[in-house]
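Just so it is clear, none of the values below were taken in a lab; they were calculated from the coordinates. Keep in mind the model is a prediction, meaning the values are calculated, not measured.
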Amino acid sequence: MIARRAPKRRRTLKGQPVLALTVRPPWSHWIRAGVKLVENRSWAPAHRWRGRLVIHAGKRVDQDAFWYGAIRGHHVDDDDLNIGEYIAVCDLVDVHEPGEACTEACSIWGVPGAAFHWVLSDVKPIVTVEGRGRQRLYIPPPDVIDLALAA
Ligand SMILES: [Zn+2]
């Protein structure tokens, strides 16, 4: 007789109040600093998810990005970057395709050719917590969720 395996429980992201997104430095730095309120993504959150979004600074630095911020008045040095850490929390308030829904923030940080602009608000730095980044949206560790909810 073959024992019936219990179906694997997938942790669903639907209804989660806090999720995390890994962003490559230095883009992550400008989000934490509260100056970059639009994130460009090729995809939109499943289930039209909105909520508290924890920003995780990835390990791979986007070297081409430094000039982008610098010419917009947001110079940052390599040494000042958080790498491989949860660094901020914000609200994901809107996700739209570039076009009529764009705001002033999009004109600075939104890539016209991006599939989606993720609009962030109420950004707050948090006590940084080391952690591994992941693809797409994910559930951060419990201590990071606590920090996000308390911020
Ligand atoms: Zn936009």
Problem - Amide H contacts of Asp94 (H built 1.01 Å from N, under 5 Å, at least 5 apart or other chain) - result: Val119
Completion exercise
Diffing the range 66-74: the Karplus 3J(HN,Hα) column from phi (6.51, -1.76, 1.60, θ = phi - 60°), in whole Hz with x for Gly and Pro, holds 4, 5, 4, x, 4, 6, 9, x, 10
Problem - Per-residue ³J(HN,Hα) for the range 87-93, Karplus 6.51 cos²θ - 1.76 cosθ + 1.60, θ = phi - 60°, Hz, x for Gly and Pro - result: 10, 7, 10, 8, 9, 8, 9
Handout entry: MRE, 222 nm, helices only [DSSP H, n ≥ 4, -39500 (n - 2.57), over the chain, to nearest 500]
Key = -4500 deg cm²/dmol
Fill in the blank from the handout: Rg from C-alpha atoms of the chain, normalised by the globular rule of thumb 2.2 N^0.38 Å, equals 1.13
Completion exercise
Counting sequence-distant residues (5 or more places) and residues on other chains, those with an amide H built under 5 Å from that of Arg134 are Thr22
Problem - Backbone HN-Hα couplings from phi across the range 100-116 [Karplus 6.51/-1.76/1.60, Hz, Gly and Pro as x] - result: 4, 6, 5, 10, 4, 4, 5, 5, 8, 10, x, 7, x, x, 5, 5, 9
Fill in the blank from the handout: Note: Glu104 to Asp77 extended length (0.36 nm per residue) minus current alpha-carbon separation gives 7.1 nm
Practice task
Under 1.5 on a/c is rounded, so check that first for the range 60-145, then, if it is not, pick prolate when a/b is larger than b/c and oblate when it is not; a ≥ b ≥ c are the square roots of the alpha carbon gyration tensor eigenvalues.
Solution key: oblate
Fill in the blank from the handout: Non-local residues with an amide H under 5 Å from the amide H of Val89, with H modelled 1.01 Å from N and Pro and chain starts lacking one, are Ile55, Lys124, Ile126
Exercise for the section: Quick one: among Glu100, Glu130, Glu85, which has the greatest mean-square fluctuation in a GNM of the chain with alpha-carbon springs under 10 angstrom? Expected result: Glu100
